[in-house]
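The values are calculated or read from the model by the stated rules, or taken from the named source; none is laboratory data. Predicted model, so just to flag it, every value in this text is computed and none were measured. Methodologically, a virtual Cβ is constructed for each residue, glycine included, from the backbone with ideal geometry; neighbour enumeration extends over all protein chains shown. These area figures cover heavy atoms from the full protein model, side chains too; ligands, DNA and RNA do not enter into them. Shrake-Rupley method; radii C 1.70, N 1.55, O 1.52, S 1.80 Å.
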Amino acid sequence: MDTVLGIDLPTWWFLLIGALISGYGILDGFDLGAGALHLFFQKEQSRRIALNAIGPVWDGNEVWLVIGAGSLFAAFPLVYGTILSVFYLPFMLFLVAIIFRGISIEFRSKEKMKWWRTTWDVSYCLSSVAISLLLGLVLGNLIQGLPLNANHEFVGRLRDFFNPYAGLIAVTVLSLFMMHGAMYLLMKTEDRLYAKLTVIANNTSKFFILCFIATSMATLIYVPHMTAIFKNYPELFLLPIAAVLIVLNIRRSIEKRQYRRGFISSAITTAVLLILFAMGLYPNLVLSSVDPKGHISIYEAASSDGSLRTMLLFAFIGMPLVATYTVFMFWTFRGKVKLEEHSY
């Protein structure tokens, strides 16, 4: 099997797709969180400021999801097909929520009637919550494993997706995004809205920590295969310890009102939790909960070496360009939000 810098090509693509998903979780996570908090803002001006805080970047953040899905299709077509067929309904609901979220942001400011803006405010908030919960639901089921037989065929039922553990992961993802979004908005707002957000950030961080503790305990008890790697490589146990310390630093940053530091910590928390998820899976991409022969490894699912090598070249060129564009956007629209004539 071909290697690059001593790492085989399927592993390279496992790492690259993981990086893209982490980028999406960090970037779209804060604007999904801002959307989930939207109805907590009662005044029209506050809602406009909150929308304009994410207005220049929200659609660019979703580029990471598009690239991640495209990379999964190109590098691991078997996994792409299996996941899409298994999660057909959740993904359709996910797409509907993405559509309504986008049009809610764009349509809200087109008319001045109160009922019109309220309608799109509710749509924006509910779609943001729905996307967060659906992402968590899919993640929770992937952690537990899917009911796949030895031929990688789905043998479960729709209601199997809605289990307590996946529900807990869904709520944890929502709480993380809400906290992440609150701290982003704190960096972009001032005056009365800033004061309100300090309370929201404090409450959402407490909510996330409770969810984080509950999820950690449930994973240790009910999903032991996700921690098996630490028995073989005890030194990797430093990563969950780091995750705990970073989460504690979020609370410390909020108490000291150092919200930029808190935002960075919540971003790192998102990345570390996804890294732990990837470590629990590797070298598999999909686990079967009913038959170990149904596991899909990166080597079984990978495209040909020639395809992976060619695409890897384009990835090494394209990913820095996307990252540069993202940094440029945030640098261009840095600072506090000021409402203007053409604002949302």
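A few remarks follow.
- Test for L273: is it under 21 Å from the mean Cα position of the chain (by Cα) and not in a helix (DSSP H, G or I): no
- Residue satisfying condition, being more than 22 Å from A150 (Cα to Cα), free of Cβ contacts under 8 Å to residues at least 12 places away in the same chain, open to solvent by less than 50 Å² (accessible area, probe 1.4 Å) and not basic (K, R), within set G318, G306: G306
- Residues that are exposed (fewer than 15 other Cβ atoms within 10 Å of the Cβ), closer than 30 Å to S85 by Cα and aliphatic (A, V, I, L, M), drawn from region 156-208: L158
- For region 107-121, a residue qualifies if it is part of a helix (DSSP H, G or I) and loosely packed, with under 13 Cβ neighbours inside 10 Å, and the qualifying residues are K110, K114, W115.
- When region 298-334 is filtered for residues that are among the β-branched types (V, I, T) and closer than 20 Å to S22 by Cα, the ones remaining, listed by number, are I298, I317, V322, T324, T326, V327.
- Output for region 83-134, where each listed residue is of a type in the set (K, R) and in contact with a Gly (Cβ under 9 Å, 6 or more places away or on another chain): R101
- Taking the criterion of being open to solvent by 20 Å² or more (accessible area, probe 1.4 Å) and part of a helix (DSSP H, G or I), the residues of region 23-49 that qualify are I26, L27, L39, F40, E44, Q45, S46, R47, R48, I49.
- Pairing each residue of region 25-52 that is over 16 Å from K336 (Cα atoms) with any residue that is among the acidic types (D, E), provided the two are 6+ apart or on different chains, yields C-beta distances under 8 Å for D28/E62; H38/D121; L39/D121.
- Some residue of region 152-165 being within 15 Å of the chain's Cα centre (by Cα) and over 27 Å from R48 (Cβ atoms): no
- Test: residue in region 260-276 that is at positive phi, surrounded by fewer than 16 Cβ atoms within 10 Å (Cβ to Cβ) and in contact (Cβ under 8 Å) with a residue 40 or more places away in the chain: no
- Residue in region 78-90 that is over 22 Å from the mean Cα position of the chain (by Cα) and either of a type outside the set (V, I, T) or at pLDDT below 95 (or both) present: yes
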